[in-house]
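Student: Below is one structure. I have some questions about it.
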Amino acid sequence: MTTPPRVSLAETPHEPAIELPAIGQGTWFMGEGLAPRADEVRALQQGLDLGLKLIDTAEMYGDGGAEEVVGEALRGRRDDAFLVSKVYPWNAGRDSAIAACERSLQRLGTDCLDLYLLHWPGGIPLDETLEAFERLRESGKIRRFGVSNFDIDDMQALNATPGGGECAVNQVLYHLGSRGIEHSLRPWQRDHGMPLMAYCPLAQAGRLRRQLLDHPEVTALAAERDLTPAQLLLAWAIRPVDGKRDVIAIPKAVQSQHVRDNAAALGASLDDDALARLDAAFPAPEGKEPLDIV
């Protein structure tokens, strides 16, 4: 049996390097009553059973409701998961970030996050947020920190801030129909050994979803390779570039079959012909594009 594709988070002065499966689990829209809570809990537990170790959530999702769903799913099996949550930019102050993290921990029913992200750039100075993250790390409440929705100029500013070089990941919107990060942001992060987390890898948000999943080339390639269109899109998102994998995709699933399909996508690989056909249908950007944000 082949080992599922993995992405490495770099060693820090306080944590060893860690390898994570290239597909994890998102929780956006969980805890909002859109699906029975028991189904959401079961889906996350099923994903863990199938090797989707990383679970991503945020204080924003369902006003903490998603974190409560995750907490229920992890009851008695916290060690099975690599747990990620995010702080609102306006809660990312010297003391407010500490309080926000503690609220998240309480909802999640745990005493430590594996990774804590600044949800998007805000008005609070980065050095203040980094100071709070360091205090959280020193007190054992987080193991690593990262950011989300940061474009290349944001990443350069972060990297120039004392302590910013320890940023573990940047979580951004990325899918076959939204490739803007490939021009400058992704190369910069590769140069700095920093993986990407791809949210909306199936274009879950907006009208593009149907355009992607129903696109003739996507459906044809998926059928030829005995994949669902969604599995093809996940395999594309986590594809190695120049022999190296640096993307962790975090699709959200509630239905049991979708969870199984997402996990099975870890075993899918796309040959050069498939990649060339997808490039022709959805070309990579020729210049810098504004960061896509939902």
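Student: Can you compute the modelled spin-label distance between A223 and A17, with each label point 7 Å from Cα toward Cβ, in nm?
Tutor: 4.3
Student: Give me the distance between the Cα centres of segment 81-109 and segment 14-71, rounded to whole Å.
Tutor: Value for the Cα centre distance between the two parts: 15 Å.
Student: I'd like the per residue volume of the convex hull spanned by the Cα atoms of segment 121-177, given in cubic angstrom.
Tutor: 92
Student: Show me 32-39, 187-194 ranked by packing, highest mean number of other Cβ atoms within 10 Å first.
Tutor: Ranking, from highest mean packing down: 187-194, 32-39.
Student: Separate question: With a probe of 1.4 Å, find how much accessible area the chain has per residue, and write the answer as a whole number in Å².
Tutor: Accessible surface, normalised per residue, equals 43 Å².
Student: Quote the FRET efficiency, to the nearest 0.05, computed for A281 versus D111 with a Förster distance R0 of 41 Å and r equal to the Cβ-Cβ distance.
Tutor: 0.30
Student: Let me ask another. Take peptides 215-223, 268-276 and line them up by average Cβ neighbours within 10 Å, highest first, as a rough protection proxy.
Tutor: With the highest mean Cβ count within 10 Å placed first, the list reads 215-223, 268-276.
Student: If you don't mind, there's one more thing I want to ask. Using 0.36 nm per residue, how much length does the chain from Q211 to E102 gain when fully extended, once their Cα-Cα distance is taken away?
Tutor: 35.2 nm
Student: Using the Cα gyration tensor of segment 102-203, with a ≥ b ≥ c the square roots of its eigenvalues, what is the shape: rounded (a/c below 1.5), prolate (a/b larger than b/c) or oblate (neither)?
Tutor: Here segment 102-203 falls in the oblate category.
Student: Same structure, new question: First select every other residue whose beta carbon is under 11 angstrom from the beta carbon of E217; then total the charges, Lys and Arg +1, Asp and Glu -1.
Tutor: Around E217, the surrounding residues sum to -2.
Student: Of the listed peptides 244-252, 131-139, 169-177, what is their order by residue-averaged count of other C-beta atoms within 10 Å, with the highest listed first?
Tutor: Result, highest mean Cβ count within 10 Å first: 169-177, 244-252, 131-139.
Student: A further question on this structure: Please say if the chain is rounded, prolate or oblate, where rounded means a/c under 1.5 for a ≥ b ≥ c the square roots of the C-alpha gyration tensor eigenvalues, and otherwise the choice is prolate for a/b larger than b/c and oblate otherwise?
Tutor: Since a/c reaches 1.5 but b/c is at least a/b, the shape of the chain is classed as oblate.
Student: Under 16 Å from a point 7 Å along the Cα-to-Cβ line of K288: which residues of segment 170-198 have their amide N that close?
Tutor: Backbone N within reach: 180-189.
Student: Now for a separate question. To the nearest 0.05, how large is the calculated FRET efficiency for R94 and A35 if R₀ is 51 Å and r is the Cβ-Cβ distance?
Tutor: Computed FRET efficiency for R94 and A35: 0.85.
Student: Compute, for segment 183-260, the length of the dipole vector about the Cα centre, with Cβ point charges of +1 (Lys, Arg) and -1 (Asp, Glu) only. Units Debye, rounded to 20.
Tutor: Value, rounded to 20: 240 debye.
Student: Apply the a/c threshold of 1.5 to the C-alpha gyration tensor of segment 1-96 and tell me whether it is rounded, prolate or oblate.
Tutor: It comes out oblate by the Cα gyration axes.
Student: Could you look at the chain and say what percent of its accessible area is carbon and sulfur, using a 1.4 Å probe and all protein chains?
Tutor: Using a 1.4 Å probe with all protein chains present, the chain comes out at 49 percent carbon and sulfur.
Student: I need the Debye-formula profile for segment 178-244: one equal scatterer per C-alpha, no solvent, reported as log10 I(q)/I(0) at q = 0.13, 0.14, 0.23, 0.27 1/Å, two decimals.
Tutor: Result of the Debye calculation: -0.43, -0.49, -1.05, -1.20.
The values are calculated or read from the model by the stated rules, or taken from the named source; none is laboratory data. Remember, predicted model here, so these are calculated numbers, not experimental data. We place every Cβ from the backbone using ideal geometry, glycine too, and count neighbours over all the protein chains shown. Ligands, DNA and RNA are stripped out before the accessible areas are found, and what is left, the full protein with its side chains, is counted by its heavy atoms. Shrake-Rupley method; radii C 1.70, N 1.55, O 1.52, S 1.80 Å.
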